[in-house]
Amino acid sequence: MYRDVSSCNTYNYGDATYWDARYVQDAEMGHFDWYQRYSGLRPFIRMYIPSFSSRILMVGCGNALMSEDMVKDGYEDITNIDISSVAIEMMRRKYECIPQLKYKQMDVRDMSFFLDESFDCVIDKGTLDSLMCGSDASTSAARMLGEVSRLLKAGGIYMLITYGDPSVRMLHLNQPVYNWRIILYIIPRPGFQKPANNSSTSRSYLEPVPLTEKGLLPPDFVVEDPDSHFIYVCKKMDETELSSITYPLDVDHL
Ligand SMILES: C[S@@+](CC[C@H](N)C(=O)[O-])C[C@H]1O[C@@H](n2cnc3c(N)ncnc32)[C@H](O)[C@@H]1O
């Protein structure tokens with residue numbers, strides 16, 4: 001279940017032909033969820049997407065079980081896109097009898113197929129990370145995030161699950177043009193065991209992580225698992241709300 005692209009040892013993660021070949025090769029495996037399964041993310045999904053009728057967009061769905069598990073939990077409307085036509089065809093066939101799940105091949109950097117403000121929530125597990133490993137990473141990230149912002153309704157949520165800590169993600173997310181208010185959570189990778197000699201009292205993973213004024217982790221903040229995953233909950237503020245965001249925030253501000 002756990003695989004990491006943090007080393008970015010290949011530029012291929014940004015390339016559709018790489019993913020097509022990989023999904024052909026992995027076809028027998030059937031499914032694979034990067035980083036976390038739905039069970040690990042469920043508290044955050046349920047907290048930030050309380051309505052089962054929310055219109056949800058899963059960007060870079062791959063062949064993960066995440067969307068299926070969300071439907072089993074009650075969610076009724078999940079549109080899934082991926083740049084890989086191989087993954088999309090496999091998933092479309094697999095879920096043809098599940099009307100709550102729709103699949104469409106699409107590049108997340110150009111989602112002009114969808115109208116502005118047509119989703120309540122966009123979920124991204126590992127897709128911005130893939131673009132960040134590709135060539136022209138900053139341009140790709142800006143195009144993707146601009147599209148995500150355009151598609152979100154006012155008050156909508158972009159939930160990013162990534163290996164990228166604030167020092168490498170906040171500069172992309174925290175752009176005034178998106179007008180996003182951002183709350184961060186840090187969760188350990190599945191199966192992480194705290195070292196036996198670690199006597200520090202653990203904070204709850206459901207508590208937002210404090211951020212400095214610049215949106216970074218405080219210098220004395222200790223991340224228990226060095227391979228933790230970061231969950232950025234970005235809420236699109238409407239025009240009446242201030243666009244200048246100052247940290248630290250707490251969950252009451254969302
Ligand atoms: C790291 S995998 C994550 C897959 C899935 N979200 C999961 O959690 O298991 C990244 C996914 O992003 C897709 N992807 C990469 N670049 C993309 C792009 N420009 N547009 C849409 N999807 C893209 C890949 O095909 C791949 O399925």
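If we keep just the residues of the stretch 24-65 that are within 14 Å of the ligand (Cβ to nearest atom) and polar (S, T, N, Q), which is surrounded by the most Cβ atoms within 10 Å (Cβ to Cβ)?
Out of the qualifying residues, it is Gln36.
Within the stretch 204-242, which residues are without any contact (Cβ under 8 Å) to a residue 60 or more places away in the chain and of a type in the set (D, E, K, R)?
Glu207, Glu213, Lys214, Asp220, Glu224, Asp225
Go through (1) surrounded by 15 or more Cβ atoms within 10 Å (Cβ to Cβ); (2) over 30 Å from Thr212 (Cα atoms); (3) of a type in the set (Phe, Trp, Tyr) one by one and return the number of the condition Trp180 breaks.
Failing condition for Trp180: (2).
Please go through the stretch 113-137 and give me each residue that is of a type in the set (Gly, Ala, Ser), more than 9 Å from the ligand (Cβ to nearest atom) and modelled with pLDDT of 95 or more, ordered by number.
The one that is of a type in the set (Gly, Ala, Ser), more than 9 Å from the ligand (Cβ to nearest atom) and modelled with pLDDT of 95 or more: Ser118.
Please pick out the residue among Asp33, Asp20 that is charged (D, E, K, R), in contact (Cβ under 8 Å) with a residue 24 or more places away in the chain and assigned to a loop (DSSP other than H, G, I, E, B).
Details: Asp20 fails: assigned to a loop (DSSP other than H, G, I, E, B).
Answer to the check: Asp33.
Only residues in the stretch 149-167 that are surrounded by 24 or more Cβ atoms within 10 Å (Cβ to Cβ) count as the first member; pair them with residues that are in a helix (DSSP H, G or I) and hydrophobic (A, V, I, L, M, F, W, C), Cβ under 7 angstrom, at least 6 apart or cross-chain, and list the lot.
Tyr158/Val148; Leu160/Leu128; Ile161/Leu41
Can you tell me which residues in the stretch 66-106 are within 10 Å of the ligand (Cβ to nearest atom), surrounded by 17 or more Cβ atoms within 10 Å (Cβ to Cβ) and not in a helix (DSSP H, G or I)?
Correct list: Asn80, Ile81, Asp82, Ile83, Ser84, Met106.
Among the residues that make up the stretch 198-205, is at least one of them assigned to a loop (DSSP other than H, G, I, E, B), under 19 Å from the mean Cα position of the chain (by Cα) and farther than 26 Å from Ser149 by Cβ?
Looking for residues that are assigned to a loop (DSSP other than H, G, I, E, B), under 19 Å from the mean Cα position of the chain (by Cα) and farther than 26 Å from Ser149 by Cβ, one finds at least one in the stretch 198-205, hence yes.
The values are calculated or read from the model by the stated rules, or taken from the named source; none is laboratory data. In this text the structure is predicted, and so the values were computed from the model without any measurement. Cβ coordinates were reconstructed from backbone atoms using ideal geometry, including for glycine residues, and neighbour counts include every protein chain displayed.
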